[in-house]
Ligand code: ARG
């Protein structure tokens, strides 16, 4: 279905033309004075110069041509030359009807769908997920769902950090604690034990300890670097330990991501491209792209138009060690071979922006990608505490993701219990927990996604879990309210099949429909700008418009059956659109609340 503003603009363009002006002046926008009109057109102002005519005159000419328009119920020329517009109820009705009938509410599918790899999450093996991992996971998951809904083929890749120093640190500390393990015996030829020498709980403690110690103990750090080198090179015992750490760590990561509805199509990581690196390095040397600088192998990526210094992209360190860049470039090479995507989107902390600029330039210059392969970086801001500083636990420590999710659930549980007792309704502990589990995810995710990704935001537990205001729980309450009206109607013996939608009568009903028909433009905007916050803003507007309608309308007690059924049809559409939005944001709606 064509976007509403495009339809309105076409109609307006015809009127401009009929009045002897250029059609392109007829661009219609949402009104910025909703108290005066629903939509507006400022084309007469722009045309004044061209036609050497007072804008009000032009606007009047055009308004005349719209006198019996099927699309606009009212088109009024007002000083100094605006066209204030109201759309006709029957035109709106047709649009809303098509939304009910057509798949995906009539969203137009791309003629050439894109294949997009979305690189998000970015967990590091051997390290617990902490609050810093929340944003790339939540934002990436939503972007994947939005682009997929828009008709593209999307592949989500967690791109694990599984090939670096953290693993070397963990191995070093394991050796400290259990020096007799066979993994460290160079002469050992036999098979290694199937069972890992460390559990996930131990890993959770070992990494922070080893990382701290390496900061003050250079000899220990040197050993960790050596261990890193060894497992990367494939020294048997070290590689076996690396495998154990992976096997212990990955199920835990999966469990954590799962708890916030984040799911990846690919669980690949830096390690997967290790075997490609020699080939890539040869290719870059043979192509004359890479050269040695102070012992290291680098590719220059600065450009004449740069206003800031862009350092060369380092491919290998002077000791031959592999870097973050190396694995990222090799991953691009692998992705092009295996999937040949049209686009790759990376979501990480915005502090990695310069890094990705280097990597992208290097990939282009060395022709690892095709000239038309789109490489996009979306850098997200920091989560701060209510004190405005990076979010920490109450005692100032690193906030683990698991704990944050649990604290949100606890808070949600408390609020649900309190809310019910205020309403004088009993809810069992078990039921309250079940609801809290689902709603907490919405609180966390909506709290994050409703902010523009690149901005920092304040994690405010009380606000995020509130059932009022621009929050996840408010959205869910609204959908659950709609569901319960529909259920009640069914319990009273009504059927929800084949209900006919009639033209909106009240202002509130029309306003609700006017929000609904913005769906298509909203989705297309969210895809073009990879911006989940647009989905939040839309679903919040929709919830508000629905609640206003609901408070003004006695739906189930309406005597006129046709009217009542039309409202129920509208409710079903609002429910479906809202549930689609919550799904795009990555959370579910509970049956009851
Ligand atoms: N593991 C990385 C980190 O913790 C994030 C990975 C992002 N993706 C990528 N292809 N580099 O910073």
| field | residue 167 vs. criteria buried (at least 22 other Cβ atoms within 10 Å of the Cβ) and either within 16 Å of the ligand (Cβ to nearest atom) or modelled with pLDDT of 95 or more (or both) | value | yes
| request: Starting from residues that are under 12 Å from the mean Cα position of the chain (by Cα) and touching a residue at least 24 places away in the same chain (Cβ under 8 Å), keep the ones in region 144-155 and report whichever is nearest to the ligand (Cβ to nearest atom). | output: 144
| said: Report every pair of residues separated by at least 6 positions or lying on different chains whose Cβ atoms are under 8 Å apart, first residue within region 327-340 and closer than 14 Å to residue 155 by Cβ, second away from the ligand (no atom under 12 Å from the Cβ) and in a helix (DSSP H, G or I). | reply: 334/276
| task | Test residue 456 against the stated conditions and say whether it is touching a strand residue (DSSP E or B) at 6+ places or on another chain (Cβ under 7 Å) and over 30 Å from residue 570 (Cβ atoms). | result | yes
| message | Exactly one of these conditions fails for residue 46: (1) more than 36 Å from the chain's Cα centre (by Cα); (2) at pLDDT 95 or above; (3) over 26 Å from residue 507 (Cβ atoms). Give me its number. | response | (2)
| Is it the case that some residue within region 153-164 is surrounded by fewer than 23 Cβ atoms within 10 Å (Cβ to Cβ) and assigned to a helix (DSSP H, G or I)? | no
| query | On the given criteria, is residue 339 under 20 Å from residue 267 (Cα atoms) and modelled with pLDDT under 95? | reply | no
| Name the residues in region 120-143 that are in contact with a helix residue (DSSP H, G or I) (Cβ under 8 Å, 6 or more places away or on another chain), near the ligand (Cβ under 10 Å from one of its atoms) and either under 13 Å from residue 380 (Cβ atoms) or without any contact (Cβ under 8 Å) to a residue 24 or more places away in the chain (or both), would you? | 120, 121, 122, 133
| task | Would you point out which residue out of 505, 431, 468 is over 30 Å from residue 34 (Cβ atoms) and over 20 Å from the mean Cα position of the chain (by Cα)? | result | 431
| request: Hey, could you check region 386-416 for residues that are surrounded by 17 or more Cβ atoms within 10 Å (Cβ to Cβ) and in contact with a strand residue (DSSP E or B) (Cβ under 7 Å, 6 or more places away or on another chain) and say which is nearest to residue 343 (Cα to Cα)? | output: 401
| Would it be correct to say that residue 366 is away from the ligand (no atom under 14 Å from the Cβ), crowded, with 19+ Cβ neighbours inside 10 Å and touching a residue at least 40 places away in the same chain (Cβ under 8 Å)? | yes
| note | If we ask which residues in region 550-570 are within 40 Å of the chain's Cα centre (by Cα), without any contact (Cβ under 8 Å) to a residue 60 or more places away in the chain, assigned to a loop (DSSP other than H, G, I, E, B) and surrounded by 14 or more Cβ atoms within 10 Å (Cβ to Cβ), their number turns out to be 1
| message | Given the criterion away from the ligand (no atom under 13 Å from the Cβ), under 30 Å from residue 408 (Cβ atoms) and free of Cβ contacts under 8 Å to residues at least 24 places away in the same chain, identify the matching residue among 371, 390. | response | 390
| Condition met for residue 273 (surrounded by 16 or more Cβ atoms within 10 Å (Cβ to Cβ) and within 30 Å of residue 361 (Cβ to Cβ)) | yes
| query | Tell me, which residue of region 397-428 that is in contact (Cβ under 8 Å) with a residue 60 or more places away in the chain and under 15 Å from residue 467 (Cβ atoms) is farthest from the chain's Cα centre (by Cα)? | reply | 416
| task | Considering only residues that are out of contact with any helix residue (DSSP H, G or I) (no Cβ under 8 Å at 6 or more places or on another chain) and modelled with pLDDT under 95, look in region 320-336 and name the one that is surrounded by the most Cβ atoms within 10 Å (Cβ to Cβ). | result | 323
| query | Checking residue 420 against (1) within 16 Å of the ligand (Cβ to nearest atom); (2) in a helix (DSSP H, G or I); (3) surrounded by 15 or more Cβ atoms within 10 Å (Cβ to Cβ), which single condition isn't satisfied? | reply | (1)
| field | All helices (runs of 4 or more DSSP H) inside region 472-545 with 2 or more residues being under 20 Å from residue 150 (Cα atoms) | value | 507-516, 519-528
| remark: By residue number, the members of region 334-357 that are assigned to a helix (DSSP H, G or I) and either more than 13 Å from the ligand (Cβ to nearest atom) or within 24 Å of the chain's Cα centre (by Cα) (or both) are 335, 336, 337, 338, 350, 351, 352, 353, 354, 355, 356, 357
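The values are calculated or read from the model by the stated rules, or taken from the named source; none is laboratory data. Nothing here was measured: the structure is a model prediction, and the numbers come from that model. Positions of Cβ are generated from backbone atoms using ideal geometry, with glycine treated the same way; all protein chains shown enter the neighbour counts.
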